[in-house]
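In what follows, a structure is listed as structure tokens, so that the remarks can point back to it.
The values are calculated or read from the model by the stated rules, or taken from the named source; none is laboratory data. Predicted, not measured: the structure shown is a model, and the values here were computed from it. When we count neighbours, we look across all protein chains shown, and the Cβ atoms used for this are built from the backbone with ideal geometry, even at glycine.
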Amino acid sequence: EGYVFAGGPKAGKCSGGSLDAATNTVSGVVCSLGETGSVTVSATEGGSPIPARVTVVGFEPSPTHPNGQPPNFGLYADVNLEEKPYGIVDLLYLEPSGNLAPRGHHRLIGGNQFRLEPGEYEIYVTRGPEYSVYKQRVTVPPGGSVAVNAELQKVLDTSGFVAADFHLHGIKSADSAWSLESRVFNGLAEGMDILVSSDHDYVTDYGPVIEQLGVGHLMTSIIGDEITPLAFGHLGVFPLTHDPASTTGGAYDYTYVDTDDVLNPDKDRVQTMDEIIKGVDEKYPGTQVLQINHILDKATGNFAIAGLVTSAAFDDVEPLSSFADPVKFRMPANSNEAGGFQGPYPLGTSGAISMAFTGVELTIGAYADTLDHLMQTALPVYFN
């Protein structure tokens with residue numbers, strides 16, 4: 001009688017054919033794709049277009065999960081940095097002009113219209129925590145179109161404050177596929193006033209992109225870098241200056257260049273935290289914010305890696321002592337080390353930790369063990 005696509009009859013169907021079991025071949029099957037639907041969307045405040053985020057939420061089977069079965073978690077569950085949360089079909093952004101972004105996105109038809117598989121959806125239009133949330137349930141018909149016209153209101157007075165993202169990765173960072181243009185539209189849609197670049201070991205300047213897109217009246221940027229000696233944590237620094245002649249944009253080199261061994265990188269050594277902070281101050285003009293990033297992260301948080309403890313949990317150990325052996329983190333041995341590990345190292349004697357920073361980032365994202373991990377470190381003692 002024929003076949004239907006995994007997405008159901010609306011996605012397409014095929015006529016019946018003949019099967020030759022001996023040769024495992026099928027013939028006479030003719031398939032036709034179903035028609036695509038579309039959505040037009042707008043966001044206004046007082047009747048004038050504003051930047052906004054458009055979140056398309058699908059309900060089974062819109063769209064069908066790749067293996068045909070929904071995973072064992074609900075809508076919006078975010079379990080993979082490289083994939084959209086389950087239930088989120090796509091994210092698009094409305095420019096101040098009312099056109100959809102990012103430009104060149106495979107769903108865009110033109111202007112404020114985008115294509116969507118026929119089915120039932122809920123469309124959310126938002127502009128960060130300062131504005132109301134608009135949502136609309138829609139049924140997208142094959143070959144037809146539906147309209148979503150959101151009027152948002154500002155519900156939170158933030159006079160005297162600015163909204164800024166101090167940990168932002170883009171295409172210049174090894175762990176991000178976001179174009180600089182997409183990051184700007186993303187920031188606008190979330191109500192950001194300031195974007196602070198923090199690509200791993202690359203100094204990125206969002207200024208030219210903001211100017212090119214003509215949104216300088218809504219947003220500005222600060223040039224920064226996430227210094228990333230993977231051995232013992234990450235350090236966010238800003239403001240910096242971008243060097244267009246440099247392959248890294250002018251990023252700080254925290255390695256001991258004269259000891260680099262390209263054939264045996266395990267022998268390479270990196271500077272201590274104090275040396276990095278001092279070197280940054282000498283390399284760049286002005287005063288920088290020196291921010292220890294995601295200090296609660298067990299894998300890349302500096303305080304956690306340094307093994308800081310509290311005297312309440314360990315007898316005869318000073319608060320903020322370090323149990324980390326610097327040699328294991330590719331740093332020079334501590335000055336008080338006379339062969340082998342002789343920790344714990346009191347504060348000020350370990351290259352793995354520095355108190356010269358001017359800011360801390362507790363965490364990024366929501367991690368189930370964040371609070372427990374906080375209580376296992378000396379941070380409560382430090383903050384008190």
Flag for Val57 being modelled with pLDDT of 85 or more and under 21 Å from the mean Cα position of the chain (by Cα): yes
Are there any strands (runs of 3 or more DSSP E) wholly within segment 145-206 with 1 or more residues that are of a type in the set (Ser, Thr, Tyr), and if so which? 145-151, 194-197
Does Gly74 satisfy the condition of being closer than 30 Å to Leu188 by Cβ, modelled with pLDDT under 60 and exposed (fewer than 12 other Cβ atoms within 10 Å of the Cβ)? yes
Give the number of residues within segment 29-53 that are closer than 17 Å to Ile123 by Cα and part of a strand (DSSP E or B). 10
Based on what the data block shows, is Leu195 surrounded by 20 or more Cβ atoms within 10 Å (Cβ to Cβ), touching a residue at least 24 places away in the same chain (Cβ under 8 Å) and either out of contact with any Phe, Trp or Tyr (no Cβ under 7 Å at 6 or more places or on another chain) or under 30 Å from Thr36 (Cβ atoms) (or both)? no
Across segment 279-298, what is the number of residues that are of a type in the set (S, T, N, Q) and surrounded by fewer than 15 Cβ atoms within 10 Å (Cβ to Cβ)? 1
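A quick yes/no check of all residues on (1) surrounded by fewer than 23 Cβ atoms within 10 Å (Cβ to Cβ); (2) farther than 20 Å from Tyr284 by Cβ; (3) within 16 Å of the chain's Cα centre (by Cα):
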site	(1), (2), (3)
Asp175	yes, yes, yes
Asn186	yes, yes, yes
Glu190	yes, yes, yes
Asp205	yes, no, no
Gly216	yes, yes, no
Met219	yes, yes, no
Gly224	no, no, yes
Pro229	yes, no, no
Gly236	no, no, yes
Any idea which of Ala101, Ala21 is at pLDDT 65 or above, of a type in the set (A, V, I, L, M, F, W, C) and not assigned by TED's automatic domain parsing to the domain that holds Thr139? Ala21
Of Glu130, Glu95, Glu122, which residue is within 25 Å of the chain's Cα centre (by Cα), at pLDDT 90 or above, surrounded by 14 or more Cβ atoms within 10 Å (Cβ to Cβ) and more than 28 Å from Ile210 (Cβ to Cβ)? Glu122
So Val317 ticks every box in (1) within 19 Å of Glu275 (Cα to Cα); (2) at pLDDT 65 or above but one. Which box is left unticked? (1)
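The rows are residues; the columns are (1) among the β-branched types (Val, Ile, Thr); (2) in contact (Cβ under 8 Å) with a residue 12 or more places away in the chain.
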{"site": "Phe114", "(1), (2)": "no, yes"}
{"site": "Arg127", "(1), (2)": "no, yes"}
{"site": "Pro141", "(1), (2)": "no, yes"}
{"site": "Val146", "(1), (2)": "yes, yes"}
{"site": "Ala164", "(1), (2)": "no, yes"}
{"site": "Ile171", "(1), (2)": "yes, no"}
{"site": "Phe185", "(1), (2)": "no, yes"}
Sole exception among (1) at pLDDT 75 or above; (2) among the aromatic types (Phe, Trp, Tyr); (3) loosely packed, with under 13 Cβ neighbours inside 10 Å for Phe383, by number: (1)
